[in-house]
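Report on one structure; see the data block that follows.
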Amino acid sequence: MDHRFLKVSWDGRVGKIRLHRPEVLNALHTPLVEELAEVLERMDQNPEVRCILITGGDRVFAAGADIGEMADADSVRMLLSDQFAQWERIRRIHKPIVAAVAGYALGGGCELAMACDMIVAAETAHFGQPEINLGVMPGAGGTQRLTRAVGKARAMEMVLTGRPISAGEAWEAGLVNRIVPLENLELEAMKLCREVAAKAPIALRLAKEAVLKAFDTTIADGLDYEQKLFYFLFSTEDQKEGMRAFMEKRRPHFRGE
Ligand code: CAA
């Protein structure tokens, strides 16, 4: 299938998506986000895909929502266009998603990276929420995910000044998993994806769900939830295979059953 704003490929069990709208620094206009949601949903349904990588270009991951698309909008048009419905589709993807970020991840670009489950950053990466400079504020999770990731003080400063942080600051703040030289970005991100992709798919799905649950529940409810998912995994073939393989001192072969 042809894609207009994405380059899509497969590398073993990893589905790779490259944002590709270079003339506007991968600005995330509605058709791009729609296409991204569609491709992610297809990969989520495809049993061959066990982990997903989202990346951009060497100079920019994504420079945010498309300002040209929004400049003349009014509140009613914004409300009725319901553009964040596409972001909600992305939030509902069950498979692990890794973002590989080089250069600018600004506004919606930073929000997209944060909507992924892990972030591998090139040394050149910059993360920011500059919407305040446009007279607005983040709208795709920037005030919520950023605050949970880096804490109130840093999030306030980033959102209220619009000033981006470097890859090093993002790592210190706990926003990214690791920093790598630009030339190794895809290699290192793929290494992480392959490591994840080798695990049991149903356990991956439920483990992702349980970690995300920690962000919107009490500790008691979260622990109950975790236990139920844990017990459920004992009805999978992969649990039998994983534990048998350990006892037999061999590598497990997970089939997602
Ligand atoms: N939307 C639309 N077009 C964009 C864009 C965006 N977010 N970011 C860059 N572009 C376009 C520029 O208009 C320019 O187009 P032309 O060549 O036709 O003039 C082209 O991409 C190259 O950009 P620059 O010339 O500005 O490149 P630069 O290297 O000088 O600067 C930059 C790079 C610092 C990223 C700068 O482009 C910039 O500040 N971009 C805007 C970042 C921003 O404000 N993002 C937040 C958007 S709002 C949002 O995301 C809301 C939300 O929460 C959902």
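Distance between the C-alpha centres of segment 48-89 and segment 120-143: 13 Å, rounded to the whole angstrom. Per residue, the Cα convex hull of segment 77-172 amounts to 95 Å³. Rolling a 1.4 angstrom probe over the protein heavy atoms with all chains in place gives the chain an accessible area of 55 Å² per residue.
For the pair K249 and Q144, a Förster radius of 45 Å applied to the C-beta separation gives a FRET efficiency near 0.50, rounded to the nearest 0.05.
Under the 0.36 nm per residue contour assumption, what length would be gained going from the current alpha-carbon distance of D72 and R194 to full extension?
Length gained, D72 through R194: 39.6 nm.
Report, as a whole number in µm² per second, the diffusion coefficient that Stokes-Einstein gives for the chain at 37 °C and 0.692 mPa s using the Kirkwood radius over alpha carbon pairs. Using the Kirkwood radius from Cα pairs, D works out to 171 µm²/s.
When only the Cβ of Lys, Arg, Asp and Glu is charged (+1, +1, -1, -1), the dipole of segment 87-142 relative to its Cα centre reaches about 260 debye. Per-residue SASA remark: T217, around 40 Å² accessible (1.4 Å probe; ligands, DNA and RNA not included). Take every DSSP beta bridge whose two residues both sit in the chain; close to 25 percent of them are antiparallel.
For Y104, the accessible area of its heavy atoms, probed at 1.4 Å with every protein chain present, is near 100 square angstrom.
Per-residue ellipticity at 222 nm for the chain, helices alone: DSSP H runs ≥ 4 residues times -39500 (n - 2.57), over residue total, nearest 500 deg cm²/dmol?
-13000 deg cm²/dmol
Evaluated with a Cβ-only charge set (Lys, Arg +1; Asp, Glu -1), the chain carries a dipole of roughly 900 debye about its Cα centre, given to the nearest 20.
H126 contributes about 70 Å² of solvent-accessible surface, heavy atoms of the protein only, 1.4 Å probe.
Treating r as the C-beta distance of K152 and H3 and R0 as 41 Å, the FRET efficiency rounds to 0.60.
Each part reduced to its alpha carbon centroid, segment 208-257 and segment 1-29 end up 32 Å apart.
Computed over protein heavy atoms with a 1.4 Å probe, the carbon and sulfur contribution to the accessible area of segment 201-247 reaches 68%. With R₀ set to 25 Å, the beta-carbon distance separating T218 from R91 gives a calculated FRET efficiency near 0.75.
Please state the shape class of segment 134-257: rounded when a/c is under 1.5, otherwise prolate if a/b exceeds b/c and oblate if not, all from the C-alpha gyration tensor. It comes out oblate by the Cα gyration axes. For Q45, put the label point 7 Å out on the Cα→Cβ axis and report which residues of segment 85-117 keep their amide N under 16 Å from it. Zone members listed by number: 89-90, 92-95. For the peptides 136-145, 50-59, residues were scored by their other Cβ atoms within 10 Å and the scores averaged per peptide; the highest-first order is 50-59, 136-145. Calculated on the Cα set of segment 201-247, radius of gyration then Dmax: 12.1, 37 Å.
Mean-square fluctuation check for the chain, GNM, Cα pairs under 10 Å: which of E23, E88, E48 is largest? Sorting by GNM fluctuation, first place goes to E23.
Hull volume per residue, based on the alpha-carbon atoms of segment 20-133 and their convex hull, is 102 Å³. Heavy-atom surface analysis with a 1.4 Å probe gives segment 6-197 a carbon and sulfur content of 54 percent of its accessible area.
Partner lysines whose Cα lies under 22 Å from the Cα of K199, excluding those fewer than 8 positions away in the same chain, are identified as K16, K95, K191, K208, K213, K228, K240, K249. Note on the chain: GNM, Cα springs under 10 Å; of S166, S75, S235, the largest mean-square fluctuation is that of S75.
The values are calculated or read from the model by the stated rules, or taken from the named source; none is laboratory data. Predicted, not measured: the structure shown is a model, and the values here were computed from it. Please note: Cβ atoms are built from the backbone with ideal geometry, for glycine as well, and neighbour counts cover all protein chains shown. Just the protein is used for accessible areas: all its heavy atoms, side chains included, with ligands, DNA and RNA removed. Shrake-Rupley method; radii C 1.70, N 1.55, O 1.52, S 1.80 Å.
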